[in-house]
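Okay, structure first, notes after.
Just so it is clear, none of the values below were taken in a lab; they were calculated from the coordinates. The structure displayed is predicted, hence computed values, not measured ones. For neighbour counting, all protein chains shown are included, and Cβ atoms are generated from backbone atoms with ideal geometry for every residue, glycine included.
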Amino acid sequence: MLKQRIITALILLPIALGGFFLLDGGDFALFIGLVVTLGAWEWARLAGLVAQAVRVAFAAVVAGLLMLLYLMPELAPWVLGASVLWWGVATWLVLTYPRTNELWSSVACRLLIGLLILLPAWQGLVLLKHWPLGNWLIMAVMVLVWAADIGAYFSGRAFGKRKLAPQVSPGKSWEGVYGGLALSLVITLVVGLERDWGIAELLLGLVGAAIVVLVSVVGDLTESMFKRRSGIKDSSNLLPGHGGVLDRIDSLTAAIPLFAVLLWAANWGVM
């Protein structure tokens, strides 16, 4: 398993880095669109669709909607606004699982939720890429999420006692969340000091980083909740040793649109 994970990572890493940071415009949107479309194919299974043809059809619908969003960029505020509302609802659903799972148990509802997760993630990345500091902003949100994952892993193993959401993901602890949040905030602080941010900018940056990290945790737990409801361990076997695409990007699907909204609201992204 470890060998598979390493080989897959070595193959995917240069492809991912090249796609994220070397492509621009339509090429970048298409690259991210392919990733999101694969995620849609996986989500159809979590939504309860078994037949391969139907899962492919849902992925095709998502691809068509991505094309529509690309041709109509004026829809971006609505898509990202819907994402903010959804992740608020998702937080409540995770905290109240399994008592509230009947509210979203229908296939139609789960497919709609898939759109609320996948489309804004694509929209957020495309928006960030268009800003002058696009590549740095994309790297920033990824580093925040990766640092939170790494910090949570080590602090959870060392100090984890209180379960975060035992009905959803028994392995996660509050101590892990605190450790991941602390590491992300330290990185944000170092970057802010290095870039000579003022006190107000620094405080806003720390608050924004905390929001993004906490929402990324909700993104992770949300996919875990849907997998648990469906009795599925991994979203697919597309990435040997790593599970599926959604298993790799679940935290980012929540973090990216919120990161874009916060930057947009603060007018940082266009500076």
Exercise. How many times 2.2 N^0.38 Å is the alpha carbon radius of gyration of the stretch 179-263?
Worked result: 1.34
Exercise. Counting every Cα pair in the chain, what percent are over 35 Å apart?
Worked result: 12
Problem set entry | Magnitude of the charge dipole, the chain, Cβ model with Lys/Arg +1 and Asp/Glu -1, debye to 20 | 1020
Exercise. Give or take rounding to whole Å, what are the principal axis extents of the alpha carbon atoms in the stretch 116-166, in descending order?
Worked result: 43, 25, 9
Exercise. Around Trp87, with a cut-off of 13 angstrom between Cβ atoms, what is the net charge of the other residues, counting Lys and Arg +1 and Asp and Glu -1?
Worked result: -3
Problem set entry | Pairwise Lys count, the stretch 2-266 - Cα closer than 16 Å, eight or more residues apart or different chains | 4
Seminar exercise, completed: In the stretch 112-270, taking the dipole from +1 charges on Lys and Arg beta carbons and -1 charges on Asp and Glu beta carbons about the Cα centre, the listed residue (Leu164, Ala260, Gly198) farthest towards the positive end is Leu164
Exercise. If only Cα atoms are counted, what is the Rg of the stretch 67-173, and what is its Dmax, in Å?
Worked result: 17.1, 49
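To the nearest 20 Debye, how big is the dipole of the stretch 76-231 about its Cα centre, given +1 on the beta carbon of each Lys and Arg and -1 on that of each Asp and Glu?
The calculated dipole for the stretch 76-231 is roughly 620 debye.
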